[in-house]
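Worksheet for the structure shown next.
Bear in mind that the values in this text are calculations on the coordinates, not laboratory data. Since this is a predicted model, take the numbers as computed values, not measurements. Positions of Cβ are generated from backbone atoms using ideal geometry, with glycine treated the same way; all protein chains shown enter the neighbour counts.
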Amino acid sequence: MRSWASASRRRSAACGSASGGPAAPSSGTTMLGATASWARRGSSRPPSHGKAARQGRPSGAHGLWSRVASSVRSRPASSTSSAGRTKRMPRTPLQVPVISSSPSALASRRSSAKATAAADPGSSAVAIAARVPRGGPDVSPRPPHAPPGIGSVGSLGPLLPDPGPRNARWARRAKGIAVETVAFGLVTLAFPFLLGAAAAVDLVRWALRRRPWVGVRLVAMAWWFLFGELRGVAGLALAGLASGGRDTRRRRFRVYRLRQQWAGGHLDGVARLFGLRFEVEGLGDVAPGPVLILMRHASIIDNTLPDALVGRTHGLGLRFVIKRELQVLPTIDIGGRWVPTNFVRRGSGDTAGELLDLRRLAIDLDPHEGVLIYPEGTRHTPAKLLAAQEAIARSRPDIAPLAAGLHHVLPPRLGGAIALLEEARGTDVVFCGHVGLDGFEHIADIWSGALVGRTVRVRFWRHPAASVPAERDELVRWLYAQWQVLDDWVGEHREA
């Protein structure tokens, strides 16, 4: 009888603890110490205590101590004790010098988003490969400035399915994976011979014309690229198995993180092999999301910049607008269908349908997401610029003077850019320009050796949603005005 009464009392104490009542002093002291230390450190989320805590909700007695930790974190002494500390970023293969832009605005945005560390305007470098904390996008609160309804757990942006037959789709993917697997095996087996042959060619080129050694770099880059592709496919397979084939929020952010690793790995390889230096200005202004990013397109390498820079630094999952031809890569073909991605069919003749799909990218944007588009639609060359200006002079004489003022970037194609600006109304807009990767449209362009030792400069400009005009004609002129700023910046730094 006594044992039954003791067990009953223990169950009653446990129920009282689960309902927010008093808990046992011993366990409470231990839990309070953990949460208080977390609050003093200024972490963005409490320590994980079981499955429920990892999902962002209190579990039993843990809910009590999470509330206690909230009160501890709100005390002035807590914030004072953490003042002056600098959160060290993990060292990564690629370090990017960052020139801070408008520190007061950056600090204001980050404080409103409850960032975990204050921006340091005096810092000279930041690691661009900072990873998203485990479960971070899944449990972080919605920033106060985000539009109503955005980021709710139940709302996911629509996926854009492949309109082709299922059998053809799977046959294409199986073929792509098989080709990459065989190519990786052959390159791995023949790597010593390929490297020796490339070194011999490089030696002759250096002796005759003092050209940099590019052959050995390209052989190593081919192996690294194929390895990254197969690693990406394996990661997608694991993500698919973990989700049971279902489209969930967790799977989407796993795919985002995989793509950031995939793109960042490719860029890290190019940077190391060719000795690239990156100088990035305004990177801190890109966060928080949601944002609409309009980026300049100049080479086959700058495709990796959005995920490698923005994605890895801020944990933003980007919804891309890319050409359908890139489906030849299984990582893009499969992963692009598991997150909102618009594969543009150039020359399809169905402009209305293409724009409708494009607008769907801006639906239900999460605070940890953004939409990225290359408004030029293709890589810049002087010949393409002249042809675009002549076409605009014939079809849109009202904006021909605006297009004529551009000298280093192509005029933005208004259809896609304006559609996204209208659909994402209420979202901040970020423009991105870069120099240093111009002229590398094909692998043959890299063979010249001009890529070796280059300095790549990247610049971001963020514009609040309130500054974006609502009327279409004004919006077109506003877009051209910002694109002119980007063009002037490219010209200035290209000459430098």
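Numbers for the structure displayed
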| quantity | calculated |
| --- | --- |
| Amide H contacts of E281 (H built 1.01 Å from N, under 5 Å, at least 5 apart or other chain) | I99, V458, R459, F460 |
| Calculated from backbone phi, Karplus (6.51, -1.76, 1.60) coupling profile of the stretch 400-414 in Hz, x at Gly/Pro | 4, x, 5, 5, 5, x, 8, 10, 10, 9, 7, x, x, 7, 6 |
| Dipole magnitude of the stretch 158-495, debye to nearest 20 (Cβ charges: Lys/Arg +1, Asp/Glu -1, about Cα centre) | 1180 debye |
| For peptides 314-325, 392-403, sequence by mean Cβ density within 10 Å, most packed first | 314-325, 392-403 |
| Quotient of Cα Rg and 2.2 N^0.38 Å for the stretch 158-495, N being how many residues it contains | 1.03 |
| Table column - 3J(HN,Hα) (Hz), the stretch 175-184, Karplus curve with 6.51, -1.76, 1.60, x for Gly and Pro | 5, x, 5, 5, 4, 5, 5, 5, 4, 5 |
| Cα coordinate range in the stretch 387-496, projected on the principal axes (Å, largest first) | 47, 33, 24 |
| J(HN,Hα) series, the stretch 218-227, from Karplus relation 6.51 cos²θ - 1.76 cosθ + 1.60, nearest Hz, glycine and proline x | 5, 5, 5, 5, 4, 5, 5, 5, 5, 4 |
| Residue (of P469, L241, A393) at the positive-pole extreme of the stretch 158-495, dipole from beta-carbon charges | L241 |
| Share of pairwise Cα separations in the stretch 328-385, more than 17 Å, in percent | 55 percent |
| Dipole magnitude of the stretch 343-496 about its Cα centre (Cβ charges: Lys, Arg +1; Asp, Glu -1), debye to nearest 20 | 280 debye |
